[in-house]
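Engineer: Structure incoming, see below.
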Amino acid sequence: MELIETGNRGPVHVRPGTKPDVPAVAQLLTEFSLPTAGVREWLESFWLAFHEEKLIGVAGIERYGIDALLRSVVVASDWRRSGLGRSLVGRALEAASSAGVRSVFLLTTTAEKYFPRLGFEVVSRGEVP
């Protein structure tokens, strides 16, 4: 488990997901209208953030050979603008890179202005392997 500081809000613990985390992850994703399909299968490639044992953020990777899909990036409303989302995405991308992933893609209909700040570029679906 890794500890990160998010200003005066107190410590946040970040760790990879495990099978017992499925219900909490599904609940957080559902709260923000994000899909839960595939969570159980890929959860060990997710990074989870906890504050006082409450799940407050998630970022996941689905790996397909040398390519991957960044998915399920969500931060609880009261933790937005804390840098937590950026930290979770960073850890997910680092883990993917360490595992040999060369390209990471994502699909979004609600955060198209957020991800370019993290280095993502808009591409057509036809360009995605």
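Engineer: Give the number of residues within the stretch 32-78 that are free of Cβ contacts under 8 Å to residues at least 24 places away in the same chain and of a type in the set (Asp, Glu).
Structural biologist: Residues meeting the conditions: 3.
Engineer: Against the conditions (1) within 30 Å of residue 102 (Cβ to Cβ); (2) open to solvent by 20 Å² or more (accessible area, probe 1.4 Å); (3) in contact with a Leu (Cβ under 9 Å, 6 or more places away or on another chain), where does residue 40 fall short? Just the number, please.
Structural biologist: (3)
Engineer: Another question, then. Please find, within the stretch 108-129, the residue that is modelled with the highest pLDDT out of those that are hydrophobic (A, V, I, L, M, F, W, C) and under 15 Å from the mean Cα position of the chain (by Cα).
Structural biologist: Quick first cut of the stretch 108-129, residues hydrophobic (A, V, I, L, M, F, W, C) only: 111, 115, 118, 120, 122-123, 128.
After this cut, where a residue has to be under 15 Å from the mean Cα position of the chain (by Cα) as well, the list is 111, 115, 118, 120.
Details: 111: 75, 115: 78, 118: 81, 120: 74.
Only one residue tops the list, namely 118.
Engineer: Here are some conditions: (1) in contact with a strand residue (DSSP E or B) (Cβ under 7 Å, 6 or more places away or on another chain); (2) of a type outside the set (D, E, K, R); (3) free of Cβ contacts under 8 Å to residues at least 60 places away in the same chain. Residue 12 meets all but one. Which one does it not meet?
Structural biologist: Of (1) in contact with a strand residue (DSSP E or B) (Cβ under 7 Å, 6 or more places away or on another chain); (2) of a type outside the set (D, E, K, R); (3) free of Cβ contacts under 8 Å to residues at least 60 places away in the same chain, only one is false for residue 12: (3).
Engineer: Something else about it: Among the residues of the stretch 21-31, is any part of a strand (DSSP E or B) and either within 16 Å of residue 92 (Cβ to Cβ) or in contact (Cβ under 8 Å) with a residue 24 or more places away in the chain (or both)?
Structural biologist: Taking the stretch 21-31 as the starting set, the residues that turn out to be part of a strand (DSSP E or B) are none.
The answer is no, given that none of the residues of the stretch 21-31 is part of a strand (DSSP E or B) and either within 16 Å of residue 92 (Cβ to Cβ) or in contact (Cβ under 8 Å) with a residue 24 or more places away in the chain (or both).
Engineer: For residue 26, which of the numbered conditions (1) small (Gly, Ala, Ser); (2) within 26 Å of residue 128 (Cα to Cα); (3) open to solvent by 20 Å² or more (accessible area, probe 1.4 Å) fails to hold?
Structural biologist: Of (1) small (Gly, Ala, Ser); (2) within 26 Å of residue 128 (Cα to Cα); (3) open to solvent by 20 Å² or more (accessible area, probe 1.4 Å), only one is false for residue 26: (2).
Engineer: Here is a follow-up. Condition test on residue 18, is it more than 18 Å from residue 89 (Cβ to Cβ), exposed (fewer than 13 other Cβ atoms within 10 Å of the Cβ) and at pLDDT 95 or above?
Structural biologist: Working: more than 18 Å from residue 89 (Cβ to Cβ): yes; exposed (fewer than 13 other Cβ atoms within 10 Å of the Cβ): yes; at pLDDT 95 or above: yes.
For residue 18, the condition - more than 18 Å from residue 89 (Cβ to Cβ), exposed (fewer than 13 other Cβ atoms within 10 Å of the Cβ) and at pLDDT 95 or above - is met.
Engineer: What are the residues in the stretch 76-129 that are on the phi > 0 side of the Ramachandran plot and surrounded by 13 or more Cβ atoms within 10 Å (Cβ to Cβ), if any? Talk me through it step by step, then tell me what you get.
Structural biologist: First, pick out the residues of the stretch 76-129 that are on the phi > 0 side of the Ramachandran plot: 81, 83, 100, 119.
Once the filter is applied, which keeps residues that are on the phi > 0 side of the Ramachandran plot and surrounded by 13 or more Cβ atoms within 10 Å (Cβ to Cβ), the stretch 76-129 yields only 83.
Engineer: Open to solvent by 30 Å² or more (accessible area, probe 1.4 Å), of a type in the set (A, V, I, L, M) and modelled with pLDDT of 95 or more: is that true of residue 59 in this structure?
Structural biologist: When the stated conditions are applied, residue 59 does not pass them.
Engineer: Within the stretch 8-24, does at least one residue satisfy the condition of being of a type in the set (A, V, I, L, M, F, W, C) and within 22 Å of residue 113 (Cβ to Cβ)?
Structural biologist: At the first step, the residues of the stretch 8-24 found to be of a type in the set (A, V, I, L, M, F, W, C) are 12, 14, 22, 24.
Still in the list and also within 22 Å of residue 113 (Cβ to Cβ): none.
No, the stretch 8-24 has no match at all.
Engineer: Next question. What is the one condition in (1) within 16 Å of residue 2 (Cβ to Cβ); (2) open to solvent by 50 Å² or more (accessible area, probe 1.4 Å); (3) within 12 Å of the chain's Cα centre (by Cα) that residue 53 does not satisfy?
Structural biologist: (3)
The values are calculated or read from the model by the stated rules, or taken from the named source; none is laboratory data. Note that the structure is a prediction, hence the values are computed from the model and not measured. Glycine also receives a Cβ, built like all others from the backbone with ideal geometry; neighbour counts cover every protein chain displayed. Ligands, DNA and RNA are excluded from the accessible area calculation, which covers all protein heavy atoms including side chains. Shrake-Rupley method; radii C 1.70, N 1.55, O 1.52, S 1.80 Å.
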